[in-house]
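Structure record follows, encoded as structure tokens.
The values are calculated or read from the model by the stated rules, or taken from the named source; none is laboratory data. From a predicted model like this one, the values you see are computed outputs, not experimental measurements. We place every Cβ from the backbone using ideal geometry, glycine too, and count neighbours over all the protein chains shown. Side chains are part of the model used for accessible areas, which takes the heavy atoms of the whole protein and leaves out ligands, DNA and RNA. Shrake-Rupley method; radii C 1.70, N 1.55, O 1.52, S 1.80 Å.
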Amino acid sequence: MAVSKSNRKKHQSYISVSSQIIGSISQSSLESLLEAPKKKHITSSKLRIFLKNPRFWVFLISVLCFICMLKMWFNFDPTTPLRQNPFFIHQKKAYLSDGLSSSQLKFVESEETDDKIEFWKQPEGMGYRPCLGFSEKYREETIEIMKDRTKYLMVVVSGGMNQQRNQIVDAVVIARILGAALVVPIFQVNVIWGDESEFSDIFDLDHFKNVLVNDVRIVSSLPSTHLMTRHMEEKTTPLHASPKWIRSRYLKRLRRDGILLLRGLDSRLSKDLPPDLQKLRCKVAFHALRFAPHISELGNKLTERMRSKGPYLALHLRMEKDVWVRTGCLPGLSREYDEMINNERKSRPKLLTSRNNMTYHDRKLAGLCPLNALEVTRLLKALGAPKSTRIFWAGGIPMGGKEALLPLTREFPHFYNKEDLALPGAGELEPFAKKASLMAAIDYIVSENSDVFMASHGGNMGHAIQGQRSYAGHKKTVTPNKRQMLQYFMNSSLPEAEFNNIIMDLHRDSLRQPELRTSKSGRDVTKYPIPECMCNNSMTDSSF
């Protein structure tokens, strides 16, 4: 059968290749490779010669490398923790001055939307809202308290930022009980961290005064009439001190001397106070103690950067060396680290604040030990946290450094702290360097604003954030049920699916309805603000 002339015409194929690749290969080479064969069959001898041509292999390897580079570029995820800062900055100058915003950061949406993941679903708040309506008697007493210019209470607060916060709350309540003006609390220099921050360095002083203007008179310093007055210093306030005890102990001498100086207030005031004083506690903790503007600004920026790609989990890790020593527990990293902790505890027995008549194993089973990184990882996985979960971790450097965190970072690679989130070269954290209280305040803000919060071992910060999140709308907070769950952690023969079901069942109550303080007598109302500071819809009175 005859073949038409048109079919006998030569055909050419064209491949789009980078100019750099083309420049490395001669024109004759390209023509020899791209020119279509004139015959339908190529003899085996010619094929062998063709494959032995080094120019063919150079061209093939170059094309494959170019394709791989394109694939890597389009699949690049700027949030992978391979760099110190997890965010890819396109316009560095603008971001350095204004900070990043969610509208400036462009990310590819994840394949599975976050609203379909059970882990991110928020619990039902049962209609509870802030409710700080004070009694008529309380308001009448306020008039007389504001007129008094004879009694002044001075307090010295110590410890870390969250301990200081608790003591300030109690100081305001004690000033109210005594009808005295409160001098702005004095911060004792922290001997461990050497932090010399004062009240106004951490908290917004003007806001503090304005919010409490109808509760306690607050002054920045003693008036000249009292500067030379002899004052009584009290260091032995007992645990669970009641308003009656405080009045009988201090009021007579305060009227005589005009000044009372208190130290060591940490957790001394009773947790079970009359309703108005419980409301005052909540008012101080949730309304008056606002962080200073420069702290709030940076904390909110870091929050925005964490949320720019969706919801995130805040994790307060308690894995520092002093935590293991004080709790009488072991980090479980290696025999070397366990011996280090035991030796430290033997040489300084006063550091052990936990029960000293219990073995490490007994403490562990009783839920008195912090969770280590592996236990936190297994708990989060059992609760349904996806591998893509973005985690902000707060707290000090864990014993063992980054290696101690490997179980977490391997399973949840999107793992950041404030140092990771701060813009490189902008010096955002420089004003807070070597100021542990200010650094803790930044951690507090990012953690409080998270979609889900969990602390590996209670503590002042964990308790404060739990209460704040309840008061702000019952945002999801995971409280590890260590006492009941650790026996299953130690059972290596338990199938993973069964383990996950058991762990989920143990935590259902802490993931859903609000917890009422009435079932937790003796607990702090700033951790469990219901029912003293929050009411349901039918009885809400949010007035101060």
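Here are some notes:
- The test for being surrounded by 17 or more Cβ atoms within 10 Å (Cβ to Cβ), farther than 14 Å from Met454 by Cβ, at pLDDT below 90 and not acidic (Asp, Glu) holds for Arg363.
- In the set Leu273, Leu260, Leu254, Leu265, only one residue is of a type outside the set (Ser, Thr, Tyr), in contact with a helix residue (DSSP H, G or I) (Cβ under 9 Å, 6 or more places away or on another chain), open to solvent by less than 10 Å² (accessible area, probe 1.4 Å) and closer than 27 Å to Gly467 by Cα; that residue is Leu265.
- Check on Val169, at pLDDT 95 or above, among the β-branched types (Val, Ile, Thr) and surrounded by 18 or more Cβ atoms within 10 Å (Cβ to Cβ): yes
- Within region 200-214, the residues that satisfy the criterion of being under 17 Å from Asp148 (Cβ atoms) and touching a helix residue (DSSP H, G or I) at 6+ places or on another chain (Cβ under 6 Å) are Leu212, Asn214.
- Any hit, region 318-338, residues being within 27 Å of Trp120 (Cβ to Cβ), touching a residue at least 24 places away in the same chain (Cβ under 8 Å) and open to solvent by less than 20 Å² (accessible area, probe 1.4 Å): yes
- Matching option when the condition is at pLDDT below 95 and surrounded by fewer than 17 Cβ atoms within 10 Å (Cβ to Cβ), among Met485, Met490: Met490
- Exactly one residue out of Ser267, Ser220 is under 30 Å from Tyr444 (Cα atoms) and under 30 Å from the mean Cα position of the chain (by Cα): that is Ser267.
- So Arg129, is it open to solvent by 10 Å² or more (accessible area, probe 1.4 Å), at pLDDT 95 or above and of a type in the set (Lys, Arg): no
- Only one entry in Ser296, Ser248 is among the hydroxyl-bearing types (Ser, Thr, Tyr), surrounded by fewer than 16 Cβ atoms within 10 Å (Cβ to Cβ) and under 35 Å from the mean Cα position of the chain (by Cα), namely Ser296.
- For region 276-293, taking the residues that are touching an Asp or Glu at 6+ places or on another chain (Cβ under 6 Å) and assigned to a loop (DSSP other than H, G, I, E, B), the one that is surrounded by the most Cβ atoms within 10 Å (Cβ to Cβ) is identified as Ala292.
- Checked against the criterion of being of a type in the set (Asp, Glu) and either buried (at least 19 other Cβ atoms within 10 Å of the Cβ) or within 26 Å of Pro274 (Cβ to Cβ) (or both), the candidates Glu124, Glu136 yield just one match: Glu136.
- Ala385 meets all of the listed conditions (1) under 30 Å from Pro495 (Cβ atoms); (2) small (Gly, Ala, Ser); (3) out of contact with any strand residue (DSSP E or B) (no Cβ under 9 Å at 6 or more places or on another chain) but one, namely (3).
- Among the residues of region 407-446, those that are within 21 Å of Leu313 (Cα to Cα) and charged (D, E, K, R) comprise Arg410, Glu411, Lys418, Glu419, Asp420, Asp443.
- Matching entry among Glu118, Glu141 (being out of contact with any helix residue (DSSP H, G or I) (no Cβ under 8 Å at 6 or more places or on another chain) and closer than 29 Å to His474 by Cβ): Glu118
- Restricting region 511-544 to residues that are open to solvent by less than 90 Å² (accessible area, probe 1.4 Å) and modelled with pLDDT under 70, the residue that is nearest to Gly125 (Cα to Cα): Leu511
- Flag for Gly427 being small (Gly, Ala, Ser) and surrounded by fewer than 19 Cβ atoms within 10 Å (Cβ to Cβ): yes
- Among the candidates Asn449, Asn460, residue that is farther than 20 Å from Thr389 by Cα and in contact with a helix residue (DSSP H, G or I) (Cβ under 6 Å, 6 or more places away or on another chain): Asn460
- In region 234-245, the qualifying residues are those that are open to solvent by 80 Å² or more (accessible area, probe 1.4 Å) and part of a loop (DSSP other than H, G, I, E, B), and the one that is nearest to Val155 (Cα to Cα) is Lys235.
- Some residue of region 404-416 being farther than 22 Å from Cys369 by Cα, touching a helix residue (DSSP H, G or I) at 6+ places or on another chain (Cβ under 7 Å), acidic (Asp, Glu) and not in a helix (DSSP H, G or I): no
- Arg129 being over 30 Å from Ser224 (Cβ atoms), charged (D, E, K, R) and in contact with a strand residue (DSSP E or B) (Cβ under 7 Å, 6 or more places away or on another chain): yes
- Region 166-201: number of residues that are within 29 Å of Leu254 (Cα to Cα), touching a residue at least 60 places away in the same chain (Cβ under 8 Å) and of a type in the set (Asp, Glu): 1
- So Lys350, is it more than 29 Å from Asn449 (Cα to Cα) and either buried (at least 19 other Cβ atoms within 10 Å of the Cβ) or not aliphatic (A, V, I, L, M) (or both): yes
- Restricting region 445-460 to residues that are modelled with pLDDT of 95 or more, part of a helix (DSSP H, G or I) and open to solvent by 10 Å² or more (accessible area, probe 1.4 Å), the residue that is farthest from Leu380 (Cα to Cα): Ile445
- Pairs with Cβ under 8 Å, 6+ apart, first in region 138-165 and within 17 Å of Val284 (Cβ to Cβ), second open to solvent by 20 Å² or more (accessible area, probe 1.4 Å) and among the small types (Gly, Ala, Ser): Met161/Ala436; Met161/Ala440; Asn162/Ala440; Asn162/Gly459; Gln164/Ser158
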